[in-house]
Amino acid sequence: MLESLFDYLLTYFLLLFYRNEENIAPARKKARSQPTLSWKTERDDDVAPPPLRFLPAREPGVQLSSGDNHTPLDLFKLFFSEEAVETLCRNTNKQAARNVAGGVKYKWTDLGPEEFYRYVGLTFYMAMIKLDQITDYWRKNSIFTIPFPTQVMSRDRYRFISWNIHMSDPDEDPANDAKKGTSEYDRLFQVKPLMSTIQSACNSYYHPRRNLAVDNRMNEKLRKLGFRMFVLSDSSNGYTVEFSVNTIRNLYEDQELLYECVMSLINKRYLGSGYHVYMDSLFTSPKLFKDLITCKIGACGMYRESIRDCPHDADNALTRTSPRGKYRWIRDGSLLFVKWMDKHEVSVCSTIHRAFTGDTVQRKVKSKKLVYTTQSIPCPSPLMEYNKVMGGVGLSNQLIQYYTAQHKTLKWYRKLFFYFLDIAATNSYILHKELHQDSRTYKAFMEELTTQLCGVKQKKGVHVPVTAADQVTDPKVKMTNLRRTCVYCRTYRGTKAKTYWMCKECDLYLCLLPERNCFYAWHSD
């Protein structure tokens, strides 16, 4: 009896034990299938990824003959060609005729290419000389009167052209407007003709060097209207290689759409292979970088931990108390993730760099005694290259912001028209610098372009020789104390000849002797 009871209890406890083991086993197996990531430290060596062979589709640089003389106007017409301007004038005249037929009360005469270029020149003039209102440029009987705009065209004519600028055919607009609310509606229909022309010109006349950058560029008003412009530029000079305009309002929240935007900018057939593309955290994702490296294009960019497949919650990570210069890294196949502590934690992903190659940066560090000292702290290689490349890309944005052609207007497509003018002007300037290798500033280039578009000649001072004594009012100063080194002798002859002759306009000292007429030689050159 006792033996049977004991056997029964033993069987019962054994069954209960094995049932609990079956319930626990799957949980243990699941935990083992998710290995924990761990950041590597400065003591761990990273292996450099295989270098990409740089095979551009064309010779990088300007695709124009350097032997030809290209004026600023010639370069600008590469982007706003006479054919494109004729189409733009034809559509503008149609739009004006529709407005007049609709009851708008102003007299309109057809716009031609020559007058259109003068209109653009006057627009650039206003970009360089800022006034609050368009009408201020034609103000009369005032000490603030500016005489030049009235010499180019009347105030009303300029305003009439601005009101009627139209890039698409007005006869075709209603058909597109009727498709609103459907997938066939094209919100960019009214800017497509001119935008396609400028995109083609950006690709045709320049081939970029190796380092490229993807940038998000658009003014605040167009952002509020739902427009986003993405630009691919050459980091060596800021040239706009490719750009696209997107109209999806929640674009920044959709990583797949951002992926498509970047891939549409990077055309391997046009570019070639072996390029390095840099971008900020808005675009960076492991999927994008893996697909780019599959196409033989490397990538580097800041990243956010919230993006899928980026490492987070890994062991051995940096903390808020980590000192400056500390870094951690994880290599996942072709992807390298690096975190570096500066004032704040910085995260970067790359497929073209090692984690660290010995680079350092200078930082001011405050001691416990509140004394600042400059120290060299280690900096990961991807971050060094990222800062170098993205700094060059900002040049194009700066040029556009300095003398932007943007005007106050209610029509979104006219804002984009003025932005196309900015792209054409900055790219023309970069082509000019690449062709002529001169040190002319963007301001000087825009001044010359404006005068050529308006069909006028820029006034120049008279170059006459004067003595240094003519520029001094103190009679006690001796002539021997006014002698300076001749600029021409120093530059071309390699000597330091002294002279008291100078050019009044150039404010440069130049020899003026029978045996050595540097004044004539300098101005003839």
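Which count do you get for residues in the range 113-133 that are open to solvent by 80 Å² or more (accessible area, probe 1.4 Å) and of a type outside the set (D, E, K, R)?
Residues in the range 113-133 being open to solvent by 80 Å² or more (accessible area, probe 1.4 Å) and of a type outside the set (D, E, K, R): 1 in total.
Lys180 meets all of the listed conditions (1) over 25 Å from Thr123 (Cα atoms); (2) over 21 Å from the mean Cα position of the chain (by Cα); (3) open to solvent by less than 10 Å² (accessible area, probe 1.4 Å) but one, namely (3). If you check Asp173, Asp110, Asp136 for being open to solvent by 70 Å² or more (accessible area, probe 1.4 Å) and either of a type outside the set (Gly, Ala, Ser) or within 19 Å of Leu416 (Cα to Cα) (or both), only one passes: Asp110. Determine whether the range 1-9 contains at least one residue that is in a loop (DSSP other than H, G, I, E, B), at pLDDT below 60 and either loosely packed, with under 13 Cβ neighbours inside 10 Å or in contact with a Ser or Thr (Cβ under 7 Å, 6 or more places away or on another chain) (or both). Scanning the range 1-9 turns up at least one residue that is in a loop (DSSP other than H, G, I, E, B), at pLDDT below 60 and either loosely packed, with under 13 Cβ neighbours inside 10 Å or in contact with a Ser or Thr (Cβ under 7 Å, 6 or more places away or on another chain) (or both).
Restricting the range 407-455 to residues that are in contact with a helix residue (DSSP H, G or I) (Cβ under 7 Å, 6 or more places away or on another chain) and β-branched (Val, Ile, Thr), the residue that is farthest from Trp501 (Cα to Cα) is Thr409. The residue that is most open to solvent (accessible area, probe 1.4 Å), counting only those in the range 494-525 that are farther than 17 Å from Ala469 by Cα and under 42 Å from the mean Cα position of the chain (by Cα), is Asp525.
Of all residues in the range 44-63, those that are closer than 30 Å to Leu78 by Cβ, hydrophobic (A, V, I, L, M, F, W, C) and surrounded by fewer than 16 Cβ atoms within 10 Å (Cβ to Cβ) total 3. Arg209 fulfils the conditions (1) in contact (Cβ under 8 Å) with a residue 60 or more places away in the chain; (2) open to solvent by 70 Å² or more (accessible area, probe 1.4 Å); (3) touching a helix residue (DSSP H, G or I) at 6+ places or on another chain (Cβ under 9 Å) except for a single criterion, (3).
Looking at the range 282-294, can you tell me whether even one residue there is under 15 Å from Ala57 (Cα atoms) and either buried (at least 19 other Cβ atoms within 10 Å of the Cβ) or not assigned by the TED database to the domain that holds Trp412 (or both)? No, because not a single residue in the range 282-294 is under 15 Å from Ala57 (Cα atoms) and either buried (at least 19 other Cβ atoms within 10 Å of the Cβ) or not assigned by the TED database to the domain that holds Trp412 (or both).
Scanning the range 139-168 for residues that are among the charged types (D, E, K, R), touching a Ser or Thr at 6+ places or on another chain (Cβ under 9 Å) and either surrounded by 12 or more Cβ atoms within 10 Å (Cβ to Cβ) or touching a residue at least 24 places away in the same chain (Cβ under 8 Å) (or both) turns up Arg139, Arg155, Arg157, Arg159. Checking each residue in the range 331-352 for being among the β-branched types (Val, Ile, Thr) and buried (at least 20 other Cβ atoms within 10 Å of the Cβ) picks out Val338, Val348, Thr351, Ile352.
Here is a yes/no grid of residues against (1) within 30 Å of Val241 (Cα to Cα); (2) touching a strand residue (DSSP E or B) at 6+ places or on another chain (Cβ under 7 Å); (3) touching a residue at least 12 places away in the same chain (Cβ under 8 Å); (4) not assigned by the TED database to the domain that holds Asn216:
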| position | (1), (2), (3), (4) |
| --- | --- |
| Tyr303 | yes, yes, yes, no |
| Asp315 | no, yes, yes, no |
| His344 | no, no, no, no |
| Cys349 | yes, yes, yes, no |
| Lys364 | no, yes, no, no |
| Thr374 | no, yes, yes, no |
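Within the range 64-90, the residues that satisfy the criterion of being outside any helix (DSSP H, G or I) and either surrounded by 17 or more Cβ atoms within 10 Å (Cβ to Cβ) or at pLDDT 95 or above (or both) are Leu64, His70, Phe80.
For the range 482-493: of the residues being closer than 19 Å to Val464 by Cα and not in a loop (DSSP other than H, G, I, E, B), which is modelled with the lowest pLDDT?
The initial filter retains those residues of the range 482-493 that are closer than 19 Å to Val464 by Cα, namely 482-489.
Those left that are additionally not in a loop (DSSP other than H, G, I, E, B): 482, 484-485, 487-489.
Numbers: Leu482: 78, Arg484: 87, Thr485: 89, Val487: 86, Tyr488: 87, Cys489: 88.
Out of the qualifying residues, it is Leu482.
Of the residues making up the range 183-198, those that are open to solvent by 40 Å² or more (accessible area, probe 1.4 Å), in a helix (DSSP H, G or I) and touching a residue at least 12 places away in the same chain (Cβ under 8 Å) are Lys192, Pro193, Thr197.
Filtered by the rule that a residue be buried (at least 20 other Cβ atoms within 10 Å of the Cβ) and either of a type outside the set (D, E, K, R) or not in a helix (DSSP H, G or I) (or both), the range 420-439 gives Phe420, Leu421, Ile423, Ala424, Ala425, Thr426, Asn427, Ser428, Tyr429, Ile430, Leu431, His432. Just the residues that are aliphatic (A, V, I, L, M), surrounded by fewer than 23 Cβ atoms within 10 Å (Cβ to Cβ) and at pLDDT 85 or above, please, taken from the range 217-240. Residues satisfying the conditions are Met229, Val231.
The values are calculated or read from the model by the stated rules, or taken from the named source; none is laboratory data. In this text, all values refer to a predicted model and were calculated from it rather than measured experimentally. All Cβ positions, glycine included, derive from the backbone under ideal geometry; neighbour counts span all protein chains shown. Ligands, DNA and RNA are excluded from the accessible area calculation, which covers all protein heavy atoms including side chains. Shrake-Rupley method; radii C 1.70, N 1.55, O 1.52, S 1.80 Å.
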